[in-house]
1. From the alpha carbon gyration tensor of the chain, can you work out the equivalent ellipsoid semi-axes (sqrt of 5 times each eigenvalue) and give them in Å, largest to smallest?
2. Over the stretch 1-112, what is the relative contact order in whole percent, taking alpha-carbon pairs under 8 Å and six or more residues apart?
3. Return the whole-Å distance between the Cα centroid of the stretch 80-127 and the Cα centroid of the stretch 2-25.
4. Just to be sure I understand: with springs between alpha-carbon atoms less than 10 Å apart, which residue in Glu86, Glu187, Glu15 has the highest mean-square fluctuation in the Gaussian network model of the chain?
5. Most fluctuating residue of Arg19, Arg122, Arg186 in a GNM of the chain with Cα springs under 10 Å: which is it?
6. Residues of the stretch 127-146 with the amide nitrogen closer than 19 Å to a label point 7 Å from the Cα of Ser171, along Cα-to-Cβ, please.
7. For the chain, what is the relative contact order in percent, using Cα pairs closer than 8 Å and at least 6 residues apart in sequence?
8. Distance check, please: which entries in Lys2/Lys119; Lys2/Lys210; Lys189/Lys215; Lys46/Lys215; Lys81/Lys119 exceed 20 angstrom between their Cα atoms?
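Read-outs: derived from the displayed coordinates by stated rules, not from any lab. This structure is a prediction, so every number in the text was calculated from the model and none was measured. All Cβ positions, glycine included, derive from the backbone under ideal geometry; neighbour counts span all protein chains shown.
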Amino acid sequence: MKLIELIDVSRSFGEGELRIDALKSTNLAVEAGEFVAIIGPSGSGKSTFLTITGGLQTPSEGRVLINGNPFSDVSEKKRAKLRFEEIGFILQASNLVPFLTVQDQLHLANKVERSKVDKQKRDDLLKELGIFELKNKFPSDLSGGQRQRVAIARALYHDPAVILADEPTASLDTQKAFEVVEILARETKMKKKATIMVTHDERLIDYCDKVYVMKDGILTERVGS
Ligand SMILES: Nc1ncnc2c1ncn2[C@@H]1O[C@H](COP(=O)(O)OP(=O)(O)O)[C@@H](O)[C@H]1O
Ligand SMILES: [Mg+2]
C-alpha cells in the first residue's frame, strides 16, 4: 500500500532571472514498511522535497498524497490536521521542549488536541526504544543519541502512517548514528510505516530498502549499490 505518493511535484522560488527550480518534476511512491534514504549535496533540494512531502510548504505544481489523502491541494487547516495525524517528523536537532520530561514530550500533543494520555502505549514505546528508565529526565540530562530516541518515540506515539527524518544523525558519532538508524529501520518494518530519511552519510544507507539521489532538484533512484 502506497502511504506516500508524489505526482509530478515541482517547486520554484522567485521569478524571471532570479527563479530557482529547487525541485523539478518529481514522482515517488513509498509503500508501507519501506525505509527510503535520500542523499545528495547541500543545496540540491532535499529539504524542499521533505517539507513539501510533509505539508510544511506546498508545491508549485503537482500533488502529494499521504495515506491516500490529498495533501497538497487542501486548506491550510485541513493540511495541519492531516499532518498531525499522519506524519511524524524527526529533525537534526531533536527539538525537544527543554522544560518537559521525556514522558511529557510524548504527551505534549495530547494536551494540544485534548486527547487522553495513553500510559501503556507510552511505556511500551519507551521500552522498545531503550529509554524507559529515562522517562522522568529532562532533555539536558540526556546524550545526543538518547535525545534522538526520544524524538523517534515522540514521532511514533501518535501512530502516524509516515515518518520523515531530516538528517536525524547529523549531531551523533558513528556508533550512535548506526543505533538510531537501526531503530528507525526496525520500527518502520514492525509498524508498517513509510519512512523517508534525508542524510549525507552514505554509511547509513545499508539499513534502507531504496536509495534516491537528489542532484540539482532532480531525484533519481540509485539501483544496485
Ligand atoms: N524559501 C526559499 N526561498 C528561496 N530559495 C530557496 C528557499 N528554500 C530553498 N531555496 C533554494 O532551493 C535550493 C534547494 O534548497 P534545499 O532544499 O534547502 O537543499 P538541501 O536541503 O539539499 O540543502 C537551494 O538553491 C536553496 O537556496
Ligand atoms: Mg537541507
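1. 29, 20, 16
2. Computed over the stretch 1-112, the figure is 25 percent.
3. 31
4. Sorting by GNM fluctuation, first place goes to Glu15.
5. So, out of Arg19, Arg122, Arg186, the one fluctuating most is Arg19.
6. Of the residues in the stretch 127-146, 131, 134-146 have backbone N under 19 Å from the label point off Ser171.
7. 31
8. Lys2/Lys119; Lys189/Lys215; Lys81/Lys119
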